[in-house]
Amino acid sequence: MIVKKLDITNHIEQLEALFCRKKDIKLDGDINIHHSIIKELDTFSLKTPPKVEPLNGPMNYLQKQGNLKIYEIYEFVKILRYFQYLHKFTFTGKLANWIEKIIIPKELDNIIDAFDEKGELIHGFSEDLDRVNTNLYSNKDAIKQKLYGVINSKNLQPYLVDHQVHLVHGEQTLMVRAGFNHVLKCKVMDRSQSGFFYVLPHSVGELKQKQSDLVNLKDDIVYRITKEFSSILAKQIMFLKFINKEFDRYDHYQARLEFAKINDFNFILPSKANNKSQKLVDFKHPALHNAKSVSIDFSKSVIMITGVNAGGKTMLLKSILSAVYMSKYLIPYSCDKSTKIGAFKDISAILDDPQSVKNDISTFAGRMLEFSKLFSKNDTIVGVDEIELGTDSDEAASLFKVILEELIQKNIKIIVTTHHKRLAALLAANNNVELIAAIYDENLRVPTYEFLQGTIGKSYAFETAQRYHIPLRVVNKAKEVYGDDKDKLNDLIQRSSDLEREYKDKISLLDKKIEKTKQLEKQLKDKKESMDSDIVHQKNKLEKEFSEAINEVKKAVKLNNIKEQHQILNKVHKQKQEIKISKNQEPLNLKVGDRVKYNNTKGLLISIKGKKATVETNEGMKLQLPLSSLQRSGNIPKAKPKSIQIKVQKPESGYIKLDLHGQRADEAIENLDKFLSDSLMAGFDEVLVYHGIGTGKLARAVSEFLDSHPSVVSYNDATAKEGGFGAKVIKL
């Protein structure tokens, strides 16, 4: 069995332990639909389905019109109730489509409702059964009371071993010593190892007979009920077969999902689309404890693994085949989600020595027999351990080169391990072949259980022999026999591996630098987008404020009321003063030679020392200032705020003096307001207003109005020559 060959038996057994009942681990049907439903189930918190016995036997009885036992009927009820429970949820997608197809016939509701959670018929379902159960309970209590009455009998006390009731052969008995027959009429049920007797008093025996009669009556009632239920179930036999199969399907889903959650495993969905790009990423073989994770690309048609003995070549082969097998049947395992697995019809593992005395077959002949079967297959992945096993390595290398090239044409992927370099050398130039070397630590003289793609690995046979305590003189003598020329070839292979590893390390370092550069570019791009967005925001704000000011001016032009026109113009003037551009607080990357400014002083940045900067001003002075206090001046053009310009035609009649004598206060204030607005539009900075002295009422009204006017800077009483206390000099 391939599961055993790949050393994933324990992994599979852990998954099987989560099943509600024993079944084949393989999940038949469209794996893409299965994967979608499992993902949808993962979004719900559902109770675990109940443990259920296999129902193939009971269904055969129903087909033959046989009567099921009450406990067999309850096994069907457990399945039906669980699907009733699932129907309470609002599922979506493929999960909803599947569950909605499972419609439980109304004829089965009576059977489902007849049982309690322990598999017993509920009270009230059958009056006859309830009556018998009540009598059985009363009879049982009577037996108990009778026994305790016998135990407390004075005549029996000397013969009692203890005051307990002992259950022997399903009967409640007393333990007594020899001689009891003089004081107690009873039936001996058994004898203890100490020579005491277990006895059933005759007075209790009568009650026992009544109990037996009640039990027989209960069996007759239950039989009638099961016969009725079996008849109903037999009519629904096709549905029962269907829902029994669907329950196993759901059992596959929930067990796999729970298995993945418990162990933090991932589901890897195999796909034909992945056949051109297949890789394991951080895969850990289930059979290894504290295993090193393996990342390997096995996209090419032939993967040839060479290198050190006991360096993990076989386990790498098993890892690739195990990942393919577990993905094929949607079994979760330890790996990164970026792992890609292709879809294969068949998985073969040629790992063991096929030699068999019984079949009179040699090792090499057995290998040839297994390879001959591959020529009738396609769309298959095959793992071959020690491919040249059992024959001359040079002859085998030539033979297997041709065999592998033929199998490549049949869309068969082959994972091969070998210690012989000739076959690897023959296939090295083939673009469909990926060479992988198991890495050996030269300094520590131990395998690293890591792998390098694109090169051939040494076997390190001499080093391994020495590591396992073969005498050094024997190893050195073997090296002499091996020959200097072959040893030099090994050195070349090792040098090639070292260069390949160095090349891969440099590529990895370069990839990290490229990734860092990409991150910096992204940060700069994000920063630019943020600044552009801020500029657009400021521009929109200015345009909005400008539009509002223009609209206010348009309103003023349309109004006939001079007073309201002046009030709106004053409001526009105020809006113009409030328009500001918020300053960007980002730190400036200043350098020597930049034009800068400090407050209102502009100059040239001539030196930077730490956080201090020296600036030569436009007037020729040199200032030492904090670098953070400087701003650019002229290097980077800044967006200028749009200024609001209000052009109003200058009135033809503008007066520098206004006489309010003889006017009422409200009339005088209205004329004063118009006079000031006309004076502002005419460009006058100072005007003279006559109000007279009189009662002082008009003078106070003028002063109060001037205090509240936004365009009046100040006002004072005029000089004696200009009118004294009866006039005001107003500055605008």
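The values are calculated or read from the model by the stated rules, or taken from the named source; none is laboratory data. Please read these numbers as outputs of a predicted model, since none were measured by experiment. Neighbour counts are summed over all protein chains in view; Cβ atoms, including those assigned to glycine, are modelled from backbone coordinates with ideal geometry.
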Response to the item:
Within the stretch 180-189, restricting to residues that are more than 19 Å from Gln209 (Cα to Cα) and not in a loop (DSSP other than H, G, I, E, B), the one that is farthest from the chain's Cα centre (by Cα) is His182
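Being closer than 30 Å to Ile415 by Cβ and surrounded by fewer than 17 Cβ atoms within 10 Å (Cβ to Cβ): is that true of Ala291 here? First the steps, then the outcome.
On the way: closer than 30 Å to Ile415 by Cβ: yes; surrounded by fewer than 17 Cβ atoms within 10 Å (Cβ to Cβ): yes.
Considered against the rule, which asks whether it is closer than 30 Å to Ile415 by Cβ and surrounded by fewer than 17 Cβ atoms within 10 Å (Cβ to Cβ), Ala291 comes out as yes.
Does Asn152 satisfy the criteria of being assigned by TED's automatic domain parsing to the domain that holds Gln209 and either within 30 Å of Lys39 (Cα to Cα) or out of contact with any strand residue (DSSP E or B) (no Cβ under 6 Å at 6 or more places or on another chain) (or both)? Write out each step before concluding.
Numbers: assigned by TED's automatic domain parsing to the domain that holds Gln209: yes; either within 30 Å of Lys39 (Cα to Cα) or out of contact with any strand residue (DSSP E or B) (no Cβ under 6 Å at 6 or more places or on another chain) (or both): yes.
Yes.
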Item to complete: Only residues that are out of contact with any Phe, Trp or Tyr (no Cβ under 8 Å at 6 or more places or on another chain), assigned to a strand (DSSP E or B) and modelled with pLDDT under 90: list them for the stretch 157-179, please.
Response: Leu167, Glu171, Gln172
Worksheet entry | Enumeration of residues in the stretch 685-705 that are buried (at least 17 other Cβ atoms within 10 Å of the Cβ) and under 17 Å from Ile656 (Cβ atoms) | Val687, Val689, His691, Val702
Worksheet, complete the sentence: The condition from (1) of a type in the set (Lys, Arg); (2) buried (at least 17 other Cβ atoms within 10 Å of the Cβ); (3) under 29 Å from Arg224 (Cα atoms) that Lys118 misses is numbered (2)
Worksheet, complete the sentence: Counting only residues in the stretch 360-393 that are hydroxyl-bearing (Ser, Thr, Tyr) and touching a residue at least 24 places away in the same chain (Cβ under 8 Å), the one farthest from Ser299 (Cα to Cα) is identified as Ser362
Worksheet entry | Condition check for Ser372: polar (S, T, N, Q) and either within 29 Å of Leu269 (Cα to Cα) or in a loop (DSSP other than H, G, I, E, B) (or both) | no
Worksheet item: Which of the residues spanning the stretch 192-226 are surrounded by 13 or more Cβ atoms within 10 Å (Cβ to Cβ) and not in a helix (DSSP H, G or I)?
Response: Phe196, Phe197, Tyr198, Val199, Leu200, Pro201
Worksheet entry | the stretch 679-705, residues that are aliphatic (A, V, I, L, M), in contact with a helix residue (DSSP H, G or I) (Cβ under 8 Å, 6 or more places away or on another chain) and under 15 Å from Ala668 (Cα atoms) | Val689, Ile693, Leu698, Ala699, Ala701, Val702
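Residues are listed down the side, and each one gets a yes or a no for (1) assigned by TED's automatic domain parsing to the domain that holds Phe19; (2) not in a strand (DSSP E or B):
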| position | (1), (2) |
| --- | --- |
| Glu228 | no, yes |
| Glu246 | yes, yes |
| Leu257 | yes, yes |
| Leu280 | no, no |
Discussion item. One residue is enough: does the stretch 665-683 have a residue meeting the conditions crowded, with 18+ Cβ neighbours inside 10 Å and assigned to a loop (DSSP other than H, G, I, E, B)?
Written reply: no
Discussion item. Could you tell me how many of the residues in the stretch 20-42 are in contact with a Ser or Thr (Cβ under 9 Å, 6 or more places away or on another chain) and not in a helix (DSSP H, G or I)?
Written reply: 1
Worksheet item: Do you know which of the residues in the stretch 232-272 that are among the aromatic types (Phe, Trp, Tyr) and more than 23 Å from the chain's Cα centre (by Cα) is farthest from Ser45 (Cα to Cα)?
Response: Phe239
Discussion item. I'm checking my understanding of the structure. Among residues of the stretch 160-191 that are among the polar types (S, T, N, Q) and surrounded by 14 or more Cβ atoms within 10 Å (Cβ to Cβ), which one is farthest from Val132 (Cα to Cα)?
Written reply: Thr173
Item to complete: Scan (1) out of contact with any Gly (no Cβ under 7 Å at 6 or more places or on another chain); (2) under 30 Å from Ile38 (Cβ atoms) for the single condition Glu72 breaks and write down its number.
Response: (2)
Worksheet, complete the sentence: Within the stretch 394-403, restricting to residues that are without any contact (Cβ under 8 Å) to a residue 12 or more places away in the chain and either within 19 Å of Val302 (Cα to Cα) or not in a helix (DSSP H, G or I) (or both), the one that is nearest to the chain's Cα centre (by Cα) is Val402
Worksheet item: Is there a residue in the stretch 88-99 that is farther than 30 Å from Ile268 by Cβ and either exposed (fewer than 12 other Cβ atoms within 10 Å of the Cβ) or touching a helix residue (DSSP H, G or I) at 6+ places or on another chain (Cβ under 6 Å) (or both)?
Response: yes
Worksheet entry | Any chance Val222 is in contact (Cβ under 8 Å) with a residue 60 or more places away in the chain, under 30 Å from Val165 (Cβ atoms) and touching a strand residue (DSSP E or B) at 6+ places or on another chain (Cβ under 9 Å) | yes
Discussion item. Can you pull out every residue in the stretch 84-94 that is touching an Asp or Glu at 6+ places or on another chain (Cβ under 8 Å) and assigned to a helix (DSSP H, G or I)?
Written reply: Gly93, Lys94
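Does the stretch 52-65 include one or more residues that are among the β-branched types (Val, Ile, Thr), touching a Cys at 6+ places or on another chain (Cβ under 9 Å) and touching a residue at least 24 places away in the same chain (Cβ under 8 Å)?
Of all residues in the stretch 52-65, those among the β-branched types (Val, Ile, Thr) come to 52.
Pick out the ones that are also touching a Cys at 6+ places or on another chain (Cβ under 9 Å) and you get 52.
Still in the list and also touching a residue at least 24 places away in the same chain (Cβ under 8 Å): 52.
Checking the stretch 52-65: at least one residue is among the β-branched types (Val, Ile, Thr), touching a Cys at 6+ places or on another chain (Cβ under 9 Å) and touching a residue at least 24 places away in the same chain (Cβ under 8 Å).
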Worksheet entry | Pick from the stretch 8-19, criterion closer than 18 Å to Lys261 by Cβ and either touching a Ser or Thr at 6+ places or on another chain (Cβ under 8 Å) or aliphatic (A, V, I, L, M) (or both), ranking: surrounded by the fewest Cβ atoms within 10 Å (Cβ to Cβ) | Ala17
Fill in: Verdict on Asn97 being of a type in the set (S, T, N, Q) and either assigned to a loop (DSSP other than H, G, I, E, B) or more than 43 Å from the chain's Cα centre (by Cα) (or both)
no
Discussion item. Being surrounded by 11 or more Cβ atoms within 10 Å (Cβ to Cβ), in contact with a Pro (Cβ under 7 Å, 6 or more places away or on another chain) and aliphatic (A, V, I, L, M) is true for just one of Leu46, Leu68, Leu108. Which residue is that?
Written reply: Leu68
Worksheet entry | Conditions (1) at pLDDT 95 or above; (2) under 28 Å from the mean Cα position of the chain (by Cα): number failed by Phe229 | (2)
Worksheet item: Quick one: how many residues across the stretch 276-288 are farther than 15 Å from Ala323 by Cα and either of a type in the set (A, V, I, L, M) or crowded, with 18+ Cβ neighbours inside 10 Å (or both)?
Response: 0
Response to the item:
Expected output for the stretch 166-188 (first residue of a type in the set (S, T, N, Q), partner assigned to a loop (DSSP other than H, G, I, E, B), Cβ below 7 Å, 6+ apart or cross-chain) is Gln172/Val165
